[in-house]
Amino acid sequence: MATKESGPEDIVRPLHNTSKWWYIAFGITAAISLVWLTIYGYQLEEGLVITALSDWGSGGGVTWGLYIGAFIWWVGIAHGGIILSAAVRLFGMTKYQPVARVAELLTIAALAMAGLYILVHMGRPDRVVTSVVPSYPWTVQSSPLAWDITVITLYFVMTATYLGLTLRYDAHRLRDQIPGYLSPLYRFITIGYTKKEDQIVERMVWWLALGIIIMAPLLLHGGVIPWLFSLMGSMPGWQGAVQGPQFLSIALTSAISGVIIISFLLRRAYDWEHIITEDVFRGLTMWLGLFSLLFVWLQLQQVINGVYAAGISSETVMMATITHPVYIIAIGIMAVVLAYIFAQAIRPGVFSIPRSLMASVLVLYATLTEKILFVVEGLQYPEFSLYAGVPGGYFPSIWEMSSVVGTIAMCTLIFLVIIKIFPVVELHAVEDHHDHDESGDHGDSSHDDSGDQGTAVATDGGATGLDLGIETAGTENERATADGQTEVTDK
Amino acid sequence: MSADDANDRQDEPRHPYETDESFHPLGKEWEEQMRDELEETDFDADLGMQMARDAQRLVAGEITEEEFYSSYHDDVEEEFDVDERPVFDDIENIDFDEATDESMLESLKDVDFENEDISRRKMMKKMGAGAAFLGYGAYATYENQNTDDAVPQDISGIRPAGEGDRDHRWGMVIDLERCDGCLACVTGCINENGTSTGANWMYVFTYEDEDTDQQNFLVRPCQHCSNAPCAKVCPVRARHTRENDGLVLTDYETCIGCRYCQVACPYGVNYFGWGEPDVPMEQIAHLEATPDEVQAMDPDERHDALRDVQDHVYDDRGRWVDSRPPQGVMGKCTMCPSRQDEHTPDHGPKGTVACMDACDEAGMSAIHFGDMDDPDSRPNRYLEHRKDVEESPGDKAERIAEEEEEDWADPPAPHHTTQLSTFKLLEDLNTQPNITYIGNEPGPEAEQVEGPVRYSSLSNDWGVEVVDNRKEHLDYGAQANRSNQEQEADD
Ligand code: SF4
Ligand code: SF4
Ligand code: SF4
């Protein structure tokens, strides 16, 4: 496997071969999804009374809980995913090109789950269109939730465009290598395609990526989503300008973890060791470490500001947060993950892909629980605290918890289906790969042979610590060569 | 363009109304640009400019509407070659303060041009430029910070209209020193609105504070804030402020049940419809018509129809805002709009609310509801009266000095403001509550304690169980509440 050359036939393999594991996975995720949809039906029938939510105030509960926590968690994964993919394109981080489309697909699937959570959270989901649309021109001036709907839609459109544009390129070139029943679909998405459009598309994709990178901190997880909370004068636990950076760092940590997990599974399932190389995992692990560090750092900022001579309400909420077992576990996990990442940076031998996988799963667990706790603690310690029922109690009901399993299953299901329809590694990645090696202008020739974990690992690991694959210069050239190459491969 | 531009403009220092350079608040350049634009159309640019200038003077109140219309009527007739005068007949119905360029354009679109010689489109173009200009001027000089006045009829606003433009500003003066915690108001509200178990729209705290062992009370309806965060955040404008009288209401037909209003309200006065309401719709007096039908009715006809059946569901605009909310929708104290709109004159006349009636009946008269704009209203008169009877600092010091006969008790220079302690809840959050309390404000260490009367001991007309902590009820009783009611009442 170490010397295997990657090519288009690798990336279309999932379209042709379907193993029994795929059927098993499909069966399980479909079954879980169905069970959860039934539970959701039950909730529609009975009302939100089946949740553990209640009114805050004399009601003695919290009115937002797991659903909103999980919503921001999914949105975070989605936003982080698209930022990753945009960074790959914008900064020419070709090393990560094999996982760029995974990140994009993750964005789409995670956004879909986030959208679903909005519905699940709502008392009257049937009105989502009839109520939101007519008043939109006015609500968008005042309601952070309307801003939220706006950016989520905007990002869905941007990601889909982005994905669609790059898919056209691949679909056209791979049209002869796909199973016959997919031909009509491929013909449909390549309607009007000419080679001339490649350059234009390339440029469009670049601009889209730029737009995403610029807007991410302003509008996405660094802006609108935290504003949903941080602008509320009623809940001191949510306030503060730190929420923007905090949300963004959590989004990126979660998204990288998601990408690591999916890439790991794909690599396993389709023997893509030579495409999604160990080097890619090392790099992703380093990025994970960087953003985890940011996450923990921003937590520290909040804690110190909250407990050092802060106003009564912010001190109360911060004390409650840092003594909460869920919080302690989440931060403990982050500490363990960081310890691992530092250790492997210093001693490359510590690194292993399963360990990084483990770290990713833990990070996702930590970020999910942190999100839910953030929402709930905020509501439990309001500015006006005279109510005896405050802080109210909240522990998600079994129905609410099932939604996490349900949405993860659905997200996986979406992936399982997409794998069978489109190549989840873009053609550029396997093409660039050739190009990359041949031009050899990066002083980092370990891409293809990093599969053999011999001595190369030591030097390579050392390099990874610094060179995270950013190659800002030469992107244009590379694109040009890649295109030239394409003409050849295409034939 | 209007909304965003207008928002931007608010951030800038206000332009002087008119300078030597230019009449337009945006300055000379803008004015010239507008002139150029006008000149490109067939519209008489001089006339347009003059009209724009006067439109701004109109908005600023320097000339009257009559003056404005009369000076332009003939010019416009000539310019547009129309025999009738639909243009300004229609415009006369537009309240300039409420007009944006958009709504202005809308209304101009509806103008029916009889003259076939001028194509409608061409006319629109002429009118468009002129109207946009007018609208711009109106916006730029519109003093009220309130962009929201521009919302059309079928979308609700988030602020009460300005002092001169509204009929009332309903509010309360609540004398906490008269309250004895009998909870008569709580029962009165439940009887009036049929709220579900635990949804105590009217809630009375009994609390102990530092330095005193005595029991204090805080009577807490919705504060009907003039700058209501709950209305601001609602993504569908279901929660809104009735412009003509400042009532903060929820349109049960529009609410999507996102519970953002509940999160944003700092007072914890919202109660969600977690499940099926305890009091079925059939038991609540209402007009047998769908909300659409009610809204389509002619206003006078609607008023009479609603009055005939003593409707307790629709307000005078035909919105479903009164009585308990249905499942999946947010509810809270409404300040009894059916009474304020005179739909239930026999049972509760305008200017009264059920909780006040109950409090009066109980002989306490702690709640005084009325028009806070009107100096002769019950709450304002009560406040005056209380200020009068309260000892002034001078009097008090004198009395103390007499009693103690000590020099150190000599008063500081007496000032003549009253000693009466009044407050509004969390006033520094700038919600501008319309409830004024007489008495001591609960301090940061105040703690709610068991009151003289227990919520669970209350009975009401509907036979609905009353509890203090709604969460316990929702968790253990709500789904099966009908069968278990007696059992529940025991504990
Ligand atoms: S008290 Fe709360 S619910 Fe009532 S108007 Fe103010 S913010 Fe809205
Ligand atoms: S719960 Fe209803 S009224 Fe409240 S913010 Fe949401 S849609 Fe608006
Ligand atoms: S004003 Fe009306 S709705 Fe509000 S607490 Fe009193 S009775 Fe209830």
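The values are calculated or read from the model by the stated rules, or taken from the named source; none is laboratory data. Bear in mind the structure is a predicted one, so any value in this text is a computation, not a measurement. Quick reminder, even Gly has a Cβ in these numbers, built from the backbone with ideal geometry, and neighbours come from all protein chains shown. Note: accessible area is taken over every heavy atom of the protein model, side chains too, but ligands, DNA and RNA are not part of it. Shrake-Rupley method; radii C 1.70, N 1.55, O 1.52, S 1.80 Å.
Here are the numbers:
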quantity: Filter result (more than 14 Å from B:D211 (Cβ to Cβ) and surrounded by fewer than 18 Cβ atoms within 10 Å (Cβ to Cβ)) within the stretch B:442-457; calculated: B:V449, B:E450, B:P452, B:V453, B:R454, B:S456, B:S457
quantity: Extreme residue, farthest from B:C222 (Cα to Cα), among residues of the stretch A:32-59 that are out of contact with any Phe, Trp or Tyr (no Cβ under 8 Å at 6 or more places or on another chain), in contact (Cβ under 8 Å) with a residue 12 or more places away in the chain and not aromatic (F, W, Y); calculated: A:I32
quantity: Residues satisfying the stated conditions in the stretch A:111-144, i.e. part of a helix (DSSP H, G or I), without any contact (Cβ under 8 Å) to a residue 40 or more places away in the chain, within 26 Å of A:V404 (Cβ to Cβ) and within 7 Å of another protein chain (Cβ to nearest Cβ); calculated: A:R127, A:V128, A:V132
quantity: Subset of the stretch A:385-402 (residues that are in contact with a helix residue (DSSP H, G or I) (Cβ under 6 Å, 6 or more places away or on another chain) and not in a loop (DSSP other than H, G, I, E, B)); calculated: A:W399, A:E400, A:S402
quantity: Options A:R127, A:R101; residue that is open to solvent by 10 Å² or more (accessible area, probe 1.4 Å) and either of a type outside the set (S, T, Y) or in contact with a helix residue (DSSP H, G or I) (Cβ under 7 Å, 6 or more places away or on another chain) (or both); calculated: A:R127
quantity: Single unsatisfied condition, B:T290 versus (1) modelled with pLDDT of 90 or more; (2) open to solvent by 10 Å² or more (accessible area, probe 1.4 Å); (3) of a type in the set (V, I, T); calculated: (1)
quantity: Odd one out for B:N191 among (1) within 16 Å of ligand 3 (Cβ to nearest atom); (2) outside any helix (DSSP H, G or I); calculated: (2)
quantity: Qualifying positions in the stretch B:340-349 - out of contact with any Cys (no Cβ under 7 Å at 6 or more places or on another chain), surrounded by 17 or more Cβ atoms within 10 Å (Cβ to Cβ) and over 10 Å from B:W170 (Cβ atoms); calculated: B:D341, B:H343, B:T344
quantity: Checking A:D148 against (1) within 14 Å of chain B (Cβ to nearest Cβ); (2) of a type outside the set (A, V, I, L, M, F, W, C); (3) open to solvent by 30 Å² or more (accessible area, probe 1.4 Å), the condition it does not meet; calculated: (3)
quantity: Selected residue [touching a helix residue (DSSP H, G or I) at 6+ places or on another chain (Cβ under 8 Å) and more than 16 Å from ligand 3 (Cβ to nearest atom)] from B:G198, B:G171, B:G257; calculated: B:G257
quantity: Inter-residue pairs, beta-carbon under 6 Å, first of a type in the set (D, E, K, R) and in the stretch A:376-387, second assigned to a loop (DSSP other than H, G, I, E, B), 6+ apart; calculated: A:E383/A:S234; A:E383/B:P266
quantity: Verdict on B:R317 being within 21 Å of B:D167 (Cα to Cα), touching a residue at least 12 places away in the same chain (Cβ under 8 Å) and touching a Gly at 6+ places or on another chain (Cβ under 7 Å); calculated: no
quantity: Residue count for the stretch B:211-237, restricted to those that are more than 16 Å from ligand 3 (Cβ to nearest atom) and either part of a helix (DSSP H, G or I) or closer than 28 Å to B:G164 by Cβ (or both); calculated: 8
quantity: Sole residue being surrounded by fewer than 18 Cβ atoms within 10 Å (Cβ to Cβ) and over 17 Å from A:M235 (Cβ atoms), chosen from A:A339, A:A330, A:A345, A:A320; calculated: A:A339
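Quick grid of which residues meet (1) farther than 22 Å from A:V75 by Cβ; (2) within 14 Å of chain B (Cβ to nearest Cβ); (3) more than 19 Å from the chain's Cα centre (by Cα):
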{"site": "A:T159", "(1), (2), (3)": "no, no, no"}
{"site": "A:K196", "(1), (2), (3)": "yes, no, yes"}
{"site": "A:I212", "(1), (2), (3)": "no, no, no"}
{"site": "A:W238", "(1), (2), (3)": "no, yes, yes"}
